[in-house]
Amino acid sequence: MSTTGFVTNIQRCSTEDGPGIRTTVFFKGCPLKCLWCHNIEAIAPDPTVVWYSVKCIGDQACVRACPESALELTPDGMRIDRNLCKVCGECEEACPTGAIKVMGNLWTAGDLVQELLRDKVFFNTSNGGVTLSGGEATYQPAFAIEVASGLQKDGVHVALDTCGYCSEKVIRGILPHVDLILYDLKVMDPAKHKEYTGVSLDRVLANAHIVAKSGKPVWIRTPVIPEHTDDEQNIRSIARFIVENMPNVERYDLLAFNKMCTEKYALFDMVYPLKDADLMTQETMERLAGIAREEGVSNVAWSGMTKHLTREMKASEQEVRSCGD
Ligand code: SF4
Ligand code: SF4
């Protein structure tokens, strides 16, 4: 019988999660609690109900449909009593606009593979494939392995996007079934790693050595978060670790922080802890990329949202001002 697992989303036509055109599968459940987490809906391993205010027309069909009386539409929004909710999905079925949803669908590995194979023509024409992401795909290891091996049997390139925090047995078990590993190295100071992510750095580094020994291609990724991971010493330490320990790293990506998840937090009655943080500047991203290159990492790139006012723009603004003076 096919293994089952929970998936929060299947994102098609992604170009940021590996080579070519990719379909990214977001697995539910993650052992980390990063302060800057963008996929808050994926942290809990079980399905959860979410409500989108902008789509709601207020007809209360969901409230009437709920067999547990877990819903109340108030002037401040939908109140979901998560102690009463049995995640039965009746509200989602009753809602005419898609404003209320159960986040986390149960799939069999076999059905998921068939769904992903629908995009095979795009993979073949772009040298793309499927990326297992999350949450954390290794949090549902048997399910992830069955999906990855099913795809590989059909000739699909499989990438694993991982935080690196799982048991040695799990990482060794999944590596033979993936073609590329997107591996996060976020913070190299052990105390800060524990504080910002909730887990110890030791396991992440130990698994990085195992990934290195596998010889499979690796892309290292660092989320660049203001006042958390953006200091020169952190990037230098990550770059040194790569150069000294991971000869199979093909590229190093610095991913600039953004705040697009702020509204998502509201769905879970939470406030995004970094909602008031500034975006990175292009200059800082260039400087950090330069530091990684200085340390000997050969293929360094950065991407993501930055502040509009780059040095060049400021300079031209000053020129405009002085012209107008
Ligand atoms: S999932 Fe079921 S129990 Fe939960 S709020 Fe919706 S209808 Fe009620
Ligand atoms: S059924 Fe949908 S649109 Fe109607 S009140 Fe509930 S969430 Fe809003």
Filter the stretch 208-238 down to the residues that are open to solvent by less than 10 Å² (accessible area, probe 1.4 Å) and in a strand (DSSP E or B), then identify the one that is farthest from Leu182 (Cα to Cα).
Val224
Would you confirm, using the coordinates I've provided, whether Asn105 is closer than 17 Å to Gln11 by Cα, open to solvent by 60 Å² or more (accessible area, probe 1.4 Å) and either aromatic (Phe, Trp, Tyr) or within 15 Å of ligand 1 (Cβ to nearest atom) (or both)?
yes
State all residues of the stretch 18-46 that are of a type in the set (D, E, K, R) and surrounded by fewer than 21 Cβ atoms within 10 Å (Cβ to Cβ); if no residue qualifies, say none.
Lys33, Asp46
Return a yes/no flag: does the stretch 278-292 have any residue that is in the same structural domain as Tyr183 (by TED's automatic domain parsing), open to solvent by 90 Å² or more (accessible area, probe 1.4 Å) and among the aliphatic types (A, V, I, L, M).
no
Starting from residues that are assigned to a strand (DSSP E or B) and surrounded by 21 or more Cβ atoms within 10 Å (Cβ to Cβ), keep the ones in the stretch 108-132 and report whichever is nearest to ligand 1 (Cβ to nearest atom).
Leu132
Are any residues in the stretch 57-92 more than 14 Å from ligand 1 (Cβ to nearest atom), open to solvent by 40 Å² or more (accessible area, probe 1.4 Å) and modelled with pLDDT of 95 or more, and if so, which ones?
Ile57, Asp59
Being assigned by TED's automatic domain parsing to the domain that holds Ala277, in contact with a His (Cβ under 7 Å, 6 or more places away or on another chain) and among the hydrophobic types (A, V, I, L, M, F, W, C) is the requirement here; does Val187 meet it?
yes
Which one of Ile171, Ile100 is within 16 Å of ligand 1 (Cβ to nearest atom) and surrounded by 21 or more Cβ atoms within 10 Å (Cβ to Cβ)?
Ile100
Restricting the search to the stretch 194-206, which residues are open to solvent by less than 40 Å² (accessible area, probe 1.4 Å), closer than 13 Å to Pro31 by Cβ and part of a helix (DSSP H, G or I)?
Thr197, Val204
Within the stretch 20-56, how many residues are within 14 Å of ligand 1 (Cβ to nearest atom) and closer than 30 Å to Phe123 by Cα?
1
Taking the stretch 175-188 on its own, how many of its residues are among the β-branched types (Val, Ile, Thr) and surrounded by fewer than 22 Cβ atoms within 10 Å (Cβ to Cβ)?
0
Hits in the stretch 146-168 (condition: touching a Gly at 6+ places or on another chain (Cβ under 6 Å) and open to solvent by 20 Å² or more (accessible area, probe 1.4 Å)):
His157
Output yes when any residue across the stretch 148-157 is in a strand (DSSP E or B) and closer than 28 Å to Thr222 by Cβ, and no when none is.
yes
Flag for Tyr183 being under 13 Å from Thr131 (Cβ atoms) and modelled with pLDDT of 95 or more:
yes
Return the pairs, sorted by first residue and then second, in which the second residue is at pLDDT 95 or above and of a type outside the set (Ser, Thr, Tyr), the first residue lies in the stretch 56-79 and is on the phi > 0 side of the Ramachandran plot and within 6 Å of ligand 2 (Cβ to nearest atom), the beta carbons are less than 7 Å apart, and the residues are 6+ apart or on different chains.
Gly58/Leu73; Gln60/Leu73
Hits in the stretch 83-107 - residues which are in a loop (DSSP other than H, G, I, E, B) and away from ligand 2 (no atom under 11 Å from the Cβ):
Asn83, Leu84, Cys85, Lys86, Val87, Cys88, Gly89, Gly104
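The values are calculated or read from the model by the stated rules, or taken from the named source; none is laboratory data. Quick caveat, the model's predicted, so the values are computed rather than measured. Reconstructed Cβ throughout: ideal geometry from the backbone, glycine too, with neighbour counts over all protein chains shown. All accessible areas refer to the heavy atoms of the entire protein, side chains included, with ligands and DNA or RNA removed. Shrake-Rupley method; radii C 1.70, N 1.55, O 1.52, S 1.80 Å.
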